[in-house]
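Asks: The structure that follows is given in the form of structure tokens.
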Amino acid sequence: MELNMIIAIYFAFQLSLFLVFLLLAKIKDRRLHQKHGKKVPLGFEKTDEVMMDPTTSKKFIVYYNAGSGERFYKEEGNEFVE
């Protein structure tokens, strides 16, 4: 094999390995799963907590499920203005 072919195979392998890890990260990242929205699921109780998303400046009301320990963030229509 020529040296150029070996280099091409090496970079193709590295690229495909990177894409596999990127796909796995997208699947496994808990932040991407539905933990917020406008409709609160059954079993969740409203708390006094309010969260402001620093990247989108959106306001979220925190709901808590005592049975599972999960938290749900209900998106409010108002945007935070500094």
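The values are calculated or read from the model by the stated rules, or taken from the named source; none is laboratory data. All values reported here derive from a predicted model rather than from experimental measurement. Quick reminder, even Gly has a Cβ in these numbers, built from the backbone with ideal geometry, and neighbours come from all protein chains shown.
Asks: Identify the single condition in (1) surrounded by 10 or more Cβ atoms within 10 Å (Cβ to Cβ); (2) on the phi < 0 side of the Ramachandran plot that Ser57 does not satisfy, given that it satisfies every other one.
Replies: All conditions pass for Ser57, except number (2).
Asks: Hey, among the residues in region 58-82 that are touching a Ser or Thr at 6+ places or on another chain (Cβ under 6 Å) and among the hydrophobic types (A, V, I, L, M, F, W, C), which one's modelled with the lowest pLDDT?
Replies: Applying the filter and picking the extreme gives Phe80.
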